[in-house]
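Rule-based calculations on the coordinates, nothing more; no lab input. What you see is a predicted model; the values in this text were computed from it and never measured. Here the Cβ is made from the backbone with ideal geometry for all residues, glycine too, and neighbour counts use every protein chain on show.
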């Protein structure tokens, strides 16, 4: 009777301990998501040093590093990467820290993620790279960095049938920053002859939109 009683008591105690540990773990996870969102570097540092996971996810399966990237919090991003955060982890709409930084023109963050294992074969929900939306949005310095990164897929074609060059022309406005982007892409040896799904070339798109400077550059590149 005594032995069985002792075993039952021990089992109950172990069960309570497990529940308590799980509760502490859940609280820690919730705390680090909130702290990263608020930019509380000191708090996040303590939580990571106490064993919190740098690859923890928040709402919509959003990785901590993506949250920091959306906030353009470079200090937080460096801290998370130092503790093993994966720069390629994607949320439920296929954003990753690297892809988002590229699309947003956060060049310093793009550099950081390139130095920490950015995967060029992971794409966004449009099957696009970090470079393509950077071209669309006129982020010249980010385009320059990515286009001149060894092994970067400068001629990758997204779901719309557009390369980075096509996107810069089709969705750009022909202003100086888009002229600069076209120059950068050509100097980085992109293929100016890749047409869209309808067979329209970058040069033809530029002519149709009346982008005289871009037309001149493309024609001079032939």
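Structure notes:
- The residues of region 181-212 that are closer than 19 Å to residue 140 by Cα and either buried (at least 16 other Cβ atoms within 10 Å of the Cβ) or in contact with a strand residue (DSSP E or B) (Cβ under 6 Å, 6 or more places away or on another chain) (or both), listed by number, are 181, 182, 183, 184, 185, 186, 188, 190, 192, 202, 206, 211.
- Taken over region 145-165, the criterion of being touching a residue at least 40 places away in the same chain (Cβ under 8 Å) and buried (at least 18 other Cβ atoms within 10 Å of the Cβ) is satisfied by 146, 147.
- Filter result for residue 172 (surrounded by 19 or more Cβ atoms within 10 Å (Cβ to Cβ), under 30 Å from residue 75 (Cβ atoms) and touching a helix residue (DSSP H, G or I) at 6+ places or on another chain (Cβ under 7 Å)): no
- Scope region 36-68; condition over 13 Å from residue 84 (Cα atoms) and not in a helix (DSSP H, G or I); matching residues: 38, 39, 40, 50, 57, 58, 62
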